[in-house]
Amino acid sequence: MSRAWTPLPRAYRTRGPYGLRLIGEVGTTVLDVSELSFADAGAASALARARRDAPSAVRLVGCRPAPSSLLDPVDGAGGAA
């Protein structure tokens, strides 16, 4: 039996702008923000933009109450899980 080989997604840090570049096939992207204790309006906007503009689903998990209270109104989709 022949199986098609599918490469795993790869992640690379970027510096201009700072971030993470994902290459390959990804279903739902999960962003674990459980260690995020502070997010300003810029960070909240960036996370909301990532959720809105991604070609596949992006789910935030582990969001603490303080960042969640900022993300929910900016995201407009109930923010984090």
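The values are calculated or read from the model by the stated rules, or taken from the named source; none is laboratory data. Note that the coordinates shown come from a computational prediction; the quantities given were computed from them, not determined experimentally. Cβ placement follows ideal geometry from the backbone for every residue including glycine, while neighbour counts extend to all protein chains displayed.
Among Pro67, Pro73, which is in contact with a Phe, Trp or Tyr (Cβ under 8 Å, 6 or more places away or on another chain) and either at pLDDT 85 or above or not in a loop (DSSP other than H, G, I, E, B) (or both)?
On inspection, the qualifying residue turns out to be Pro67.
I need a count of the residues in region 32-62 that are part of a loop (DSSP other than H, G, I, E, B), within 12 Å of the chain's Cα centre (by Cα) and buried (at least 16 other Cβ atoms within 10 Å of the Cβ).
Looking only at that region, the number is 1.
Looking only at region 21-31, filter to residues that are closer than 13 Å to Arg51 by Cα and surrounded by 11 or more Cβ atoms within 10 Å (Cβ to Cβ); which one of those is nearest to the chain's Cα centre (by Cα)?
Leu31
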